[in-house]
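Computed from the coordinates by the stated procedures, all read-outs in this text should not be read as laboratory data. Note that the structure is a prediction, hence the values are computed from the model and not measured. Cβ placement follows ideal geometry from the backbone for every residue including glycine, while neighbour counts extend to all protein chains displayed.
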Amino acid sequence: MSDDHYKTLRVAVRAGIARITLDDGDIKLLDRHMFAEQAGLAGEPNLPRS
């Protein structure tokens, strides 16, 4: 899995720690699209590795 299928997030995993960056323009609003992507990450077994 790569993080390029996310539209509002960037995901990096290093040393077993996942870092999620909100990447939704200048104003960081938790809208339904971003919420859905974050909720989907909770059950994602294969986070991208950097």
>> Contact list please: Cβ distance under 6 Å, first residue in segment 21-40 and closer than 11 Å to LYS7 by Cα, second residue surrounded by 10 or more Cβ atoms within 10 Å (Cβ to Cβ) and among the basic types (Lys, Arg), pairs at least six apart or on different chains.
In response: LEU22/LYS28; ASP23/ARG10
>> Of everything in segment 2-18, what is exposed (fewer than 11 other Cβ atoms within 10 Å of the Cβ) and not in a loop (DSSP other than H, G, I, E, B)? Give them in sequence order.
In response: ASP4, HIS5, ARG14, ILE17
>> I'm trying to understand the selection: among the residues of segment 25-43, which are touching a strand residue (DSSP E or B) at 6+ places or on another chain (Cβ under 8 Å) and either more than 10 Å from THR8 (Cα to Cα) or not hydrophobic (A, V, I, L, M, F, W, C) (or both)?
In response: LYS28, GLU37, GLN38, LEU41
